[in-house]
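Since every read-out is calculated from the coordinates, none of them should be taken as a lab result. The model shown is predicted, which means the values in this text are computed figures rather than measured ones. Cβ sites come from the backbone with ideal geometry, for glycine too, and all protein chains shown count toward neighbours.
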Amino acid sequence: MNAKVQARQVSRAFQVRNSLGKKDVLTVLDHFDLDVREGEFLSILGPSGCGKSTFLNILAGLDDYDQGDILVDQEVLKKRSFDRGMVFQSYALLPWRTVLENLEIGLEIRSIRKKERREIARRYLGMIGLSSFANQYPHQLSGGMRQRVAIARVLAYQPNLLLMDEPFAALDAQTRETMQIELLRIWEADRKTILFVTHSIDEAILLSDRVAIMTARTGQVKEIIDIDLERPRTEEARGSVEFVRIRQKAWGLLKDEVTMAQSFAERV
Amino acid sequence: MASFMKAASGLGNLLLRGVGLLLFLLLWEAAPRLGWVGSAYMSPPSMVFRAIWLLAARGELARHFLVSLQRVLLGLLISVAVGVSFGLFLGYFRSLERYLDLLFQAFRQMSAFALFPVFILLFGLGELSKTIIIFWASLWPVLLNTSSGVRNVDRVLIQSARSMGASRTFIFCRIVLPAAAPEIFTGIRLGASYCVMAVVAAEMIGANAGLGYLVLYSQETFNIPEMYGGIVSLAILGLGLNCALYSIEKFFTSWKQDIRVGE
């Protein structure tokens, strides 16, 4: 299988002020290695502050890296690209545009003509089941609907790498579970490469082909777990013996890192 | 029926909002008539409105009104052009703002009226110094609101557009500008009300027309009802301008309207 993304020895540090107000260097990624395969659903799981979102931001062209190499489709990562799409935890919908106009923005950036844009936007709106909300404004929708619009907005311009930064973290538990199944349904239809960052072990296992577990402070991948659950996956997968077994394994790996992240947070 | 009910409740609403104004007018009418204050200094509104009517009939009201309106609009137009473009520039290049912020805050506090003698020294008593005082008064709220509007744009909106591959120009025109629009409009409306204040001062020195001139001239010739007539006309000018700007703002930021109702 081809590598979609190859990150080699990537390092990233930020200038921060510590609790004493002195300048300090916070290393978020330290010689970080990760391969993402073409067409896979890969989740990155790790405690807060482990650098998983930073890596996503770097891939999205929103942040720089200090050292190392990142290849996307065998080419050096470009700062500006039409091939990737990012879904944010806070939806990032434009409040002055209707749902339909929000869906069009990526196409507008690609200078696609208005009529064609409308058509594509309507198709994707139908896909997420929100056709009747076309002319509503984002603030008139629920959190789950907003995130569906945000996902459809990215899918509409057909990027070949999807980056999702804790997209469901702001949703209530039930909406979150519905959204996970919905995302699976959408993804299984065309299998674009997805890099998904989350805090939730269950979410990572249910969705992914592989789950990369990160260390708390050294900013590296501790271990990658293969998820061999059958596809297409449904709600039932959560109850299976295999799911529980993988969950235990993942928790075993993550436990120490979470404790370490907490003790680190206390020290700072 | 429904539309009739709506119209009726709209009328009722207007009446309710007018209660304060009505009470004030009654009190104003009563005060000089009952001898609480000398009628030489305070004309009752009935006389004031009569004076306005006579002024209008002579065509003088329209002349003064239009002269003032023209001065206000000219000053406001220039300050919007300068303030918005410079404000956008400042907000976009944040590092610049850091060096200039204190200077601008000081300028904002510097009264246009205090500077009027300076403008007269530099530009004479003509229209130029009048336009400049109006421009100065309204420039700062427009400029500072615009730059703060640009600075306050939700970063994640910009990041999201960037992750889609948007160019800087696209981000500026399609994300930053519309996101900052409500704050820019607030600045313009604030600036407009400062314009109306400044035009009065400008017309009290070296003018022969305009509502400010009318107020001062009537006072000097002891035509007290006309003086109050001029003051009332100025209030109407300010209200009308604010109303017009509010409609323009509503047109451009219509998406915001139902947020107040909905959330």
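Data table
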| quantity | calculated |
| --- | --- |
| Percent antiparallel among DSSP beta bridges (both partners in the protein assembly as shown, rounded to 5) | 55 percent |
| Reachable lysines, given that their alpha-carbon falls under 18 Å from the alpha-carbon of A:LYS249 and they are not under 8 places away in the same chain | A:LYS222 |
| Spin-label model distance (nm) - B:ARG108 vs A:LYS79, 7 Å beyond Cα toward Cβ | 3.2 nm |
| Set of aspartates and glutamates with alpha-carbon distance to B:LYS256 below 16 Å, sequence-local pairs under 8 removed | A:GLU101, B:ASP154, B:GLU183 |
| Contour excess over end-to-end distance, with Cα ends at A:ASN135 and A:LYS255 and 0.36 nm allotted per residue | 38.6 nm |
| Cα centroid of region B:35-51 to Cα centroid of region A:211-268, whole Å | 83 Å |
| Segment A:HIS31-A:ASP64, length gained on full extension (0.36 nm per residue, minus Cα span) | 10.4 nm |
| Segments B:183-193, B:115-125, A:19-29 sorted - mean Cβ within 10 Å per residue, highest first | B:183-193, B:115-125, A:19-29 |
| Of all DSSP beta bridges in chain A, antiparallel share, percent nearest 5 | 55 percent |
| Förster radius 56 Å - calculated FRET efficiency between B:LEU121 and A:ILE181, Cβ distance, rounded to 0.05 | 0.15 |
| Signed unit charges on C-beta, dipole axis of the protein assembly as shown, positive-most listed residue B:CYS173, A:TYR91, A:HIS199 | B:CYS173 |
| Anchor A:LYS192: lysines whose Cα lies under 16 Å away (excluding residues fewer than 8 positions away in-chain) | A:LYS4 |
| Residues of region A:32-54 with amide N under 14 Å of the 7 Å Cα→Cβ point at A:ALA169 | A:44-54 |
| Folded to 0 to 90 degrees: helix A:143-156 orientation relative to chain A principal axis, Cα | 80 degrees |
| Angle between chain B longest axis and helix B:127-151 axis [Cα atoms, degrees, rounded to 10] | 40 degrees |
| Extension gain from A:GLU38 to A:ASP24, taking 0.36 nm per residue of separation minus the Cα-Cα distance | 1.2 nm |
| Among A:50-57, A:234-241, A:205-212, the order from most to least packed when residues are scored by Cβ within 10 Å on average | A:50-57, A:205-212, A:234-241 |
| Whole-Å distance, taken between Cα centres, linking region B:65-102 and region A:109-171 | 37 Å |
| Rounded tilt (10° steps) of A:241-267 against the dominant C-alpha axis of chain A | 60 degrees |
| Euclidean distance between Cα centres, region B:8-22 to region B:207-224, Å | 33 Å |
| Electrostatic dipole magnitude of region B:66-176 [Cβ: Lys, Arg +1; Asp, Glu -1; Cα centre; debye, to 20] | 320 debye |
| Ellipticity estimate at 222 nm from DSSP helix runs (n ≥ 4, -39,500 (n - 2.57)) divided over chain B, nearest 500 | -28000 deg cm²/dmol |
| Residues B:SER163, B:SER46 arranged by fewest to most Cβ contacts within 10 Å | B:SER46, B:SER163 |
| Relative contact order for chain B, counting Cα pairs under 8 Å that sit 6 or more residues apart, in percent | 23 percent |
| Rounded FRET efficiency, nearest 0.05, which uses the C-beta distance separating A:SER240 from B:ARG50 and R0 of 60 Å | 0.10 |
| Antiparallel DSSP beta bridges within region A:135-268, as percent of all bridges there, nearest 5 | 50 percent |
| Paramagnetic label zone (point 7 Å from Cα along Cα-to-C-beta, B:ILE205; backbone N under 14 Å) in region B:95-133 | B:111-133 |
